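Following: one structure in structure tokens, then a few remarks.
Readers should treat all values here as calculations from the given coordinates under stated rules, not as data from a laboratory. Keep in mind that this is a model prediction, so the values were computed, not measured. Note that each Cβ is placed from the backbone with ideal geometry, even for glycine, and that neighbours are counted across all protein chains shown.
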Amino acid sequence: MEDWQAFVKSKSSNLVADNFICDASGLGLILVTGDDAEDFLQNQLSNDINHIDESHHQLSAYSTPKGRMLAIFRIVRISNGYILITPHTLVQSLLQRLQMFVIQSKVTLADASAHFARFAIQFDIPDLNQHLLLGQKTGEVYQDDNLISLRLDNLGQQSRYLFLYLTLDQAKSQWETFSQLLSVSSFDAWRLSEIKSGMPVIYPETSEEFVLQMSNLDLLGGVSFTKGCYPGQEIVARMQYLGKLKRRLFLANFSTERCPAPGDEICLSGSTTADGSGKIVDAVMDKQGICTCLFIAQIKKAQTNQLRLLNQSDISLSLLELPYSIPSD
């Protein structure tokens, strides 16, 4: 939607951490339709697609046969199929890969990103909580002929929602309504919100780097251990029941002039080359020069509080508590 891009670019977009609205065009949408869409996704993704309906969304992962994640999706069921939400930069490569497994199934895959205006909001304003378009419980979806809105997990006292609009005029009108109460921010505000929520993401730079449990997706309800086979299922199951998980997703912040990028190496203090300690998943820097990041690292090394960025070895990572519990074993 070129008109949508022109509309949001005309608005102020400083990074605001609380009570904000922002364009979410950085998220891409894959549309999966056809008589066999449900069976197709059930055979490809980590979660049980049979457990969602049009009023609830689901978290799931898509992996290689070796168990390395290619993408993490939020999935919405619609009247004629499913919408998979993931970073826009992954959409084309995922479409090409998924298409390889359609074979003779009655399934159609398409990039639906251009058909929806997308924005996100985060707030702790009581009056907004009663808005008719906002689900009241985490995981709820509101749908009508022009809108899909997702209620995501709270960040502290702040409610978080993602909106997908088919009709440009309605998207603009709703944006203007919300922006009377919320500050207009950049998409980095949403990325920062996801980081603080401990929500993992896969980018092209980290594709095929991590097994599902390393990203804490098992703690976030993104996998079913009772469904049938899917790519990487044996690896995920073996790690769950027979192995000892050596890496996890961590949250940290630090002061810097240069925020790391997804895939950047993390090493032990004193290392001058990559030592396999960990990698950045996502990172965003605020206006005060504080970078907040998610990273996946060896658990024992993370617990030493001696981890550094490889390319900024003088900066130490200060671990923060995630908003959900991590098993001690």
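Using a ≥ b ≥ c from the Cα gyration tensor of the chain (square roots of the eigenvalues), is it rounded, prolate or oblate, where a/c under 1.5 gives rounded and otherwise the larger of a/b and b/c decides, a/b for prolate? Cα axes put the chain in the oblate bin.
Taking a ≥ b ≥ c as the square roots of the Cα gyration tensor eigenvalues, the stretch 187-329 comes out prolate, since a/c reaches at least 1.5 and a/b is larger than b/c. Taking the helices alone, the chain has a mean residue ellipticity at 222 nm of -5000 deg cm²/dmol, built from -39,500 (n - 2.57) per DSSP H run of at least 4 residues and averaged over all its residues. Normalised by the number of residues in the stretch 1-145, the average gap of Cα pairs under 8 Å and 6 or more apart makes the relative contact order 34 percent. The amide H of S224, built 1.01 Å from its N in the peptide plane, has N47, D48 as neighbours under 5 Å, considering only residues 5 or more places off or on other chains.
Here the simple spin-label model places points 7 Å from the Cα toward Cβ, and for T108 and S269 these points are separated by 5.9 nm.
Multiplying the residue separation of I299 and L133 by 0.36 nm and subtracting their alpha-carbon distance yields 55.7 nm.
Taking every C-alpha pair closer than 8 Å and separated by at least 6 residues, the mean separation divided by the residue count of the chain gives a relative contact order of 20 percent.
Taking the centroid of alpha carbons for each part, the stretch 40-113 and the stretch 280-311 are 29 Å apart. Taking other C-beta atoms within 10 Å as the exposure proxy, V76, V201 rank V201, V76 from fewest upward.
Taking every alpha-carbon pair under 8 Å whose residues sit at least 6 apart, the stretch 174-329 reaches a relative contact order of 25 percent. Rounded, prolate or oblate for the stretch 143-196? Axes are the square roots of the Cα gyration tensor eigenvalues, ordered a ≥ b ≥ c, and the cut-off for rounded is a/c under 1.5. Judged from the Cα gyration tensor, the stretch 143-196 comes out prolate (a/c at least 1.5, a/b above b/c). Backbone amide hydrogens, once placed in the peptide plane, bring R247 within less than 5 Å of I299, excluding anything fewer than 5 places away on its chain. Once the Cβ-Cβ distance of T226 and N311 is raised to the sixth power relative to R0 = 25 Å, the FRET efficiency obtained is 0.05.
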